[in-house]
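Scroll down for the structure; my scribbles are underneath it.
The values are calculated or read from the model by the stated rules, or taken from the named source; none is laboratory data. All values derive from a computational prediction rather than experimental measurement. Don't worry about glycine lacking a Cβ; one is built from the backbone with ideal geometry, like all the others, and counts go over all protein chains shown. The protein model used for the area step is the full one, side chains on, heavy atoms only, and it has no ligands, DNA or RNA in it. Shrake-Rupley method; radii C 1.70, N 1.55, O 1.52, S 1.80 Å.
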Amino acid sequence: MDDEPDDTRPAGVPVDDAPTGAPARFADELIRPFVIGTLSVLTLIQLAERPPDRLPWLTWSLVVVTITAGLASSVLPWRPLTPRTRITLVSVFMAAGAMAFPLAKDTAAPALVFLASVTAGEKLDSRRVAFTVVGAGTALATTVNQLAGALHLSYESPWWLSLIVGLPLYIGLARRERADALAAADLAARQSRRAAASEAREAALEERGRIAREIHDVLGHALSGIAVQLDMADALHAGGRDRDANEAVRRARALAVSGIGETRRAIHALREDTLPLPETIARIAHGSTAGFEIQGEPGEVRVEVAQAVIRTAQEAITNAHRHAPGGEVNLLLAYTDRLVRLTVTDTGTAEPDARPNHTGSGMGLVGMRERASLLGGTLYAGPAEPPAPGWTVRLELPR
């Protein structure tokens, strides 16, 4: 038997995540018992007022069985029933109604067999089973109608009337298909909402991770350096070396100032993530009077990669201005099929009387190396290849 499950809700979906079409289905479940109940009451009243002349006990029995099976099929919870129970209930409804159809023609009972046909099409899981039940019911109604006419058990009626018992089956099938389509559309909508919520949560977690790395790279390194210098100052002061202790305190202050600047740059980089990476690097270069060039075809890169490139560009430019004042700084952003490469070069100190500033934390490039390693890339920082003067910082990351 090719029974199909009625409940299409995937496992783990909360009960309150109900289909949006539930009110319409609920209204249908109210209408069906009301119609069957109304026809049943009318049939019973009509039979009581005009009892059948022949075979009254058989007529009453068939009508009662038809009403009972019809109400049961419309009132009982359908999903907990086994497929065999469902088929049996609808078959009894159809067969009893088909046999009562010619015996109680002066009542509303004939309408019940048409409702049985609709019920078979709408509630039976297999079309083949539904056609079998309704086909057998139609044949039974036709046969009993002919016998009743031959035995003069009922008033004459059009011979073809019993042949249309199966036509409402298509109404039931259409209602079933409509309900299945609504359920499938609702399931797809709920899955789409869950997928969107999952993507939003994942994006939020990624953003938190990026902010955590920024705090670690900037504040963590700066505060660690400050703590080391202050501990050293305390030890030197205890040993009577006040001049060296004061120098350690000044280095701690320089680390704090450098950390504040790096924090500001990190915040700026986070805000710039909405722009394309080449445009962001171009703005950074323009703001620091550095040259900028792009090689290859710019394309999409991961957010973490773009953030690392931005932070490296800021750190490298700051170090170049600090250690090689007056020198020329150039940025090259190169794209390949698999890599994105940022190269920052400076030409060394260009001012004869300029004095390099060595008050930086020295932790910026350390953090950049750690970040590049986490992303599967490399970072080189060292002297430029001879005979070129100056310093080179090169970051390579997979796209």
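Structure notes:
- From the list A120, A174, A212, the one residue that fits, being at pLDDT below 75 and aliphatic (A, V, I, L, M), is A212.
- Of the residues making up region 277-314, those that are among the polar types (S, T, N, Q) and exposed (fewer than 13 other Cβ atoms within 10 Å of the Cβ) number 2.
- Neighbours by Cβ (under 7 Å, 6+ apart or cross-chain): first from region 236-264, among the basic types (K, R); second open to solvent by less than 70 Å² (accessible area, probe 1.4 Å) and part of a helix (DSSP H, G or I): R251/Q229
- Within region 33-54, the set of residues being within 26 Å of T88 (Cα to Cα) and open to solvent by less than 70 Å² (accessible area, probe 1.4 Å) comprises P33, V35, I36, G37, T38, L39, S40, T43, L44.
- Condition check for A324: modelled with pLDDT under 85, among the aliphatic types (A, V, I, L, M) and crowded, with 18+ Cβ neighbours inside 10 Å: yes
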